[in-house]
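Read the structure below first, then the notes.
The values are calculated or read from the model by the stated rules, or taken from the named source; none is laboratory data. Note that the structure is predicted; figures quoted are calculated from it, not measured. Neighbour counts are summed over all protein chains in view; Cβ atoms, including those assigned to glycine, are modelled from backbone coordinates with ideal geometry. Each accessible area value is taken on the protein alone, full model and side chains, heavy atoms only, with ligands, DNA and RNA left out. Shrake-Rupley method; radii C 1.70, N 1.55, O 1.52, S 1.80 Å.
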Amino acid sequence: MRSLLLLAALLISGLSPSPSYAGGGTIRGRVLSALSHEPLAYADVTIPAAQRGTRAADDGTFTLTDLAPGRYNVQVNLLGYKRLTLFELDVTNVLPVTLEVLMDEDVVKTDSVSVTASPFRRTAESPVSVRSIGESEIQRFPGGDRDISKVLQGQPGVAPGVSFRNDIIVRGGAPNENRFFLDGIEVPNINHFATQGSSGGPVGMIDVAFIRDVDLFTSAFPAARGNALSSVLDFRMKDGNSQRAVRKFTVGASDAALAWDGPLGRNTTGIVSLRRSYLQFVFKLLDLPFLPTYNDLQFKTRTRLGAHDEVELLGLGAIDRFKLNPGAKPTELNQYLLGNIPVSPQWSYSAGGAWRHFEADGVRTLTVSRNQLDNRAYKYKGNDESSRANLLLDYRSRETEHKLRLEQTKAVGAMRLSGGVSAEAAEYTNSTYEQTVTPSGLLVVDFASKLRLARYALFAQASRSFAREALTLSAGLRTDASDYSREMSDPGRQLSPRLAASLRVAPRLTLNASVGRYFQLPAYTVLGYRDSNGVLANRASGTRWIRAEHAVAGLELTGAHDSRVTLEGFYKRYHDYPFLLRDSVSLANLGADFGVIGNAPVAPASQGRAYGVEFLAQQKLYRGYYGILAYTFVRSEFTTRGGVYAPSAWDNRHLLSFTGGKRWGKGWELGARWRYTGGAPYTPDNVELSSRTDVWDASGRGKPDYARLNTLRGSAAHQLDLRLDRSWFRANRTYTLYIDIQNAYGSRPELKPILLVQRDANGKPVLDPQRPGHYRTYFIKDDSGGETIPTIGFTMEF
């Protein structure tokens with residue numbers, strides 16, 4: 001650790017005594033109406049920190065040149081439109097920053113510009129529970145390792161999962177309750193080695209170099225965004241530049257990436273990224289029992305078809321490989337992991353396109369997409385694949401979806417209207433052979449399933465401001481239907497109304513609230529499960545859309561210099577959650593582990609509730625400083641077999657984090673994040689069942705005793721992450737070197753202990769002479785997550 005820091009310090013101090021600006025950077029762009037994309041003339045464009053400014057031309061274009069490399073806030077001001085601030089634009093010598101400035105009309109008609117748009121994104125449809133995270137915040141996040149999911153864990157209401165995963169756990173909801181959109185195109189999975197039936201994984205798929213910003217909705221979902229219960233993540237991706245080709249090479253903690261960005265024709269730009277991990281080499285050097293490898297490819301093109309039309313194409317794909325390392329040092333933990341982890345190769349992709357037609361009073365959008373996930377897992381007893389008789393698990397599954405959505409947004413006087421329709425055709429296949437453990441013992445599951453599914457949705461929303469924008473109201477309605485069953489095909493059963501209101505009670509103080517009902521289709525693993533007779537068992541049990549009702553109210557106080565304080569209270573109530581019949585546990589408790597969840601018989605018998613309060617204090621970049629302080633108190637509970645509410649696996653109760661930093665001249669930046677997470681509940685293992693020879697030989701791990709669901713808790717977890725960046729600016733080149741230290745002071749939380757069997761000198765389990773048919777067992781501490789992890793990364797843009 002000490003030698004690594006010394007090496008980094010030498011590199012940072014020795015590469016260059018000072019930056020060379022080589023002519024400075026440029027910001028250019030065009031000011032447009034946010035609704036119609038018509039150019040807006042004569043807007044004032046200023047950079048307060050540099051005391052620079054200009055005025056847009058007749059066609060809305062503007063240029064600011066000879067800027068020292070660095071990050072700048074840009075303000076845009078135009079009579080009749082709300083003043084807009086664009087934060088932390090990264091200016092270098094490599095390429096001009098190209099902006100498309102979209103301005104909202106000021107409906108308050110006065111002789112001077114009197115209304116300033118909030119520097120924090122908030123819409124009439126979603127005045128509460130939305131956080132916008134910009135490109136710079138994502139890139140520099142301490143401990144984030146260029147993974148957007150880990151960055152989101154610094155936001156209020158978002159709890160981190162276990163140390164080796166990046167699950168997004170929002171306001172006490174399970175990881176499978178989130179939905180992801182890239183430039184309006186839905187992407188079901190954004191993680192490598194994804195847990196099928198959920199949404200998390202150990203490593204993110206999205207190259208953060210592609211992300212312009214992301215909106216995190218934790219409630220008040222727009223009517224156009226469905227099939228979510230806890231959050232919607234709306235990513236806006238960068239466009240390729242129209243000037244010249246630029247390459248970007250990045251080496252991080254676990255992978256290397258190469259990106260290309262540039263023009264593809266007179267009216268077309270593109271950006272593409274390719275990444276490959278080298279974790280398998282690192283893990284082998286560390287003598288770990290498994291060797292993962294991941295690869296991903298991402299691209300986006302944008303073509304302008306005249307003044308009123310444009311087409312975007314977008315793709316995201318991954319190939320994940322995973323193999324065991326039986327030659328690893330035979331420690332008790334390595335033997336345990338080798339005994340229960342399956343080999344699990346996986347690949348997935350999403351590809352789609354969007355056509356947008358801009359009119360004088362609105363925009364029409366058509367999106368089409370296809371996505372596919374192929375998941376395989378197999379395990380042999382003793383990892384001996386020489387005989388089929390040793391087979392414990394053989395799982396093969398594929399999910400394929402085709403999606404279409406048509407939306408229209410239109411301004412009618414002071415009212416903003418939107419609406420549309422979506423349709424989807426899906427195919428799910430599953431071949432399962434598994435020796436699975438149930439409370440009554442070992443059960444062999446053997447079935448094959450093929451399911452074709454169609455669904456559609458209708459949605460509409462209307463918003464309007466009153467009393468010189470002191471009051472804003474929005475109402476939306478959505479309905480979803482699926483042909484899975486007669487009940488689920490009735491759109492009247494899935495009506496999901498939503499209302500939102502925002503009242504300005506003082507010049508900088510607003511009172512905001514929303515209520516809504518939301519529906520989510522259960523995972524394909526649930527819908528496609530068949531019993532030994534080939535019957536769709538969960539259709540027969542009455543499985544239906546999962547329903548959640550949200551109520552949120554809060555205050556937002558905006559301060560000078562782009563700061564704010566918010567306080568929100570929230571309440572969520574769940575209905576018809578799938579309840580696993582074999583294990584007698586709600587599916588809402590699962591999803592933060594590897595493998596597959598929901599591939600079992602269920603009934604829509606679980607109810608749940610989550611409630612709490614969130615506090616946020618945020619300062620955008622001002623005089624080189626920035627910071628976010630977030631605290632959440634949350635309770636999350638779901639019913640047991642007896643209908644009694646018990647803490648869910650996400651009932652952390654207290655979430656506290658601070659993220660902040662300082663930028664200096666000459667390319668220096670220092671950031672830090674400290675977080676505290678209350679102890680998570682866990683279910684103790686059933687030692688009597690787990691120690692049975694047939695059970696242990698099949699599973700290699702402890703079986704939770706769900707009769708004592710979440711009756712114990714781990715200790716609270718806290719850690720400090722640090723990051724130091726240094727950039728050098730050369731003519732047509734930018735170099736950045738960074739040091740990132742996760743868990744700087746080596747905090748080690750107390751987690752659920754691991755159940756092991758005693759082994760003899762040959763590594764064979766030892767029988768318990770006092771209990772025939774059982775192995776001797778003991779517990780060890782789970783020390784995962786307590787390591788200090790230093791990383792050196794490097795980026796070159798040229």
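Quick notes on this one:
- Enumeration of residues in the stretch 158-171 that are modelled with pLDDT of 95 or more and either polar (S, T, N, Q) or assigned to a loop (DSSP other than H, G, I, E, B) (or both): Arg171
- Options Ala220, Ala224, Ala194: the member that is assigned to a loop (DSSP other than H, G, I, E, B), on the phi > 0 side of the Ramachandran plot and of a type outside the set (Phe, Trp, Tyr): Ala220
- Number of positions in the stretch 676-735 that are open to solvent by 30 Å² or more (accessible area, probe 1.4 Å) and of a type in the set (Asp, Glu): 4
- Against the conditions (1) under 20 Å from the mean Cα position of the chain (by Cα); (2) modelled with pLDDT under 95; (3) open to solvent by 20 Å² or more (accessible area, probe 1.4 Å), Gly591 satisfies every one except (3).
- Taken as a whole, the structure places Arg726 among residues that are within 26 Å of Gly144 (Cα to Cα), basic (Lys, Arg) and touching a helix residue (DSSP H, G or I) at 6+ places or on another chain (Cβ under 6 Å).
- Within the stretch 197-224, the residues that satisfy the criterion of being out of contact with any Ser or Thr (no Cβ under 7 Å at 6 or more places or on another chain) and either under 15 Å from Val158 (Cβ atoms) or basic (Lys, Arg) (or both) are Ser199, Gly200, Arg212, Val214.
- The set of residues in the stretch 638-652 that are over 23 Å from the mean Cα position of the chain (by Cα) and either charged (D, E, K, R) or open to solvent by 30 Å² or more (accessible area, probe 1.4 Å) (or both) comprises Thr640, Arg641, Gly642, Gly643, Val644, Tyr645, Pro647.
- Which listed residue, of Tyr611, Tyr574, is open to solvent by less than 30 Å² (accessible area, probe 1.4 Å) and under 25 Å from the mean Cα position of the chain (by Cα): Tyr574
- Residue within the stretch 333-351 that is out of contact with any strand residue (DSSP E or B) (no Cβ under 6 Å at 6 or more places or on another chain), open to solvent by 60 Å² or more (accessible area, probe 1.4 Å) and in a loop (DSSP other than H, G, I, E, B) present: no
- Which numbered condition Ala351 fails, given (1) more than 17 Å from Ile206 (Cβ to Cβ); (2) modelled with pLDDT of 90 or more; (3) small (Gly, Ala, Ser): (1)
- If you filter the stretch 275-307 down to residues that are more than 14 Å from Asn191 (Cα to Cα), at pLDDT 95 or above and polar (S, T, N, Q), you find that the one that is surrounded by the most Cβ atoms within 10 Å (Cβ to Cβ) is Thr301.
- Hey, Asp583 of a type in the set (Asp, Glu), more than 23 Å from the chain's Cα centre (by Cα) and either under 16 Å from Asn176 (Cα atoms) or surrounded by 18 or more Cβ atoms within 10 Å (Cβ to Cβ) (or both) or not: yes
- Arg623 open to solvent by 20 Å² or more (accessible area, probe 1.4 Å) and either among the small types (Gly, Ala, Ser) or modelled with pLDDT under 95 (or both): yes
- When Leu655, Leu670 are checked against the criterion of being farther than 23 Å from Val158 by Cβ, part of a strand (DSSP E or B) and open to solvent by 10 Å² or more (accessible area, probe 1.4 Å), a single residue qualifies: Leu670.
- Per the listing Asp394, Asp384, the residue uniquely of a type in the set (D, E, K, R) and open to solvent by less than 50 Å² (accessible area, probe 1.4 Å) is Asp394.
- Residue in the stretch 128-145 that is among the β-branched types (Val, Ile, Thr) and in contact with a Lys or Arg (Cβ under 7 Å, 6 or more places away or on another chain) present: yes
- Of the residues Phe217, Phe210, the single one that is of a type in the set (A, V, I, L, M, F, W, C), at pLDDT 90 or above and surrounded by 20 or more Cβ atoms within 10 Å (Cβ to Cβ) is Phe217.
- Looking only at the stretch 265-274, and only at residues there that are out of contact with any helix residue (DSSP H, G or I) (no Cβ under 7 Å at 6 or more places or on another chain) and modelled with pLDDT of 95 or more, the one that is farthest from Gly317 (Cα to Cα): Thr268
- Options Ala540, Ala481, Ala501, Ala548: the member that is without any contact (Cβ under 8 Å) to a residue 60 or more places away in the chain, open to solvent by less than 40 Å² (accessible area, probe 1.4 Å) and of a type outside the set (Asp, Glu): Ala481
- Residue list for the stretch 167-186, filter: of a type in the set (D, E, K, R) and open to solvent by 10 Å² or more (accessible area, probe 1.4 Å): Arg179, Asp183, Glu186
- Residue match in the stretch 597-607 (condition: open to solvent by less than 20 Å² (accessible area, probe 1.4 Å) and either closer than 29 Å to Ala553 by Cα or without any contact (Cβ under 8 Å) to a residue 12 or more places away in the chain (or both)): yes
- Being open to solvent by 20 Å² or more (accessible area, probe 1.4 Å) and modelled with pLDDT of 95 or more is a property that does not hold for His561.
- Meets criteria (hydroxyl-bearing (Ser, Thr, Tyr), open to solvent by 30 Å² or more (accessible area, probe 1.4 Å) and under 26 Å from the mean Cα position of the chain (by Cα)) for Ser747: no
- Lys323 being without any contact (Cβ under 8 Å) to a residue 60 or more places away in the chain, surrounded by fewer than 16 Cβ atoms within 10 Å (Cβ to Cβ), out of contact with any Ser or Thr (no Cβ under 8 Å at 6 or more places or on another chain) and in a strand (DSSP E or B): yes
- Every pair of residues 6+ apart whose Cβ atoms lie under 6 Å, when the first sits in the stretch 708-726 and is more than 20 Å from Pro790 (Cβ to Cβ) while the second is at pLDDT below 95 and open to solvent by 60 Å² or more (accessible area, probe 1.4 Å): Gly714/Glu750; Gly714/Leu751; Ser715/Glu750
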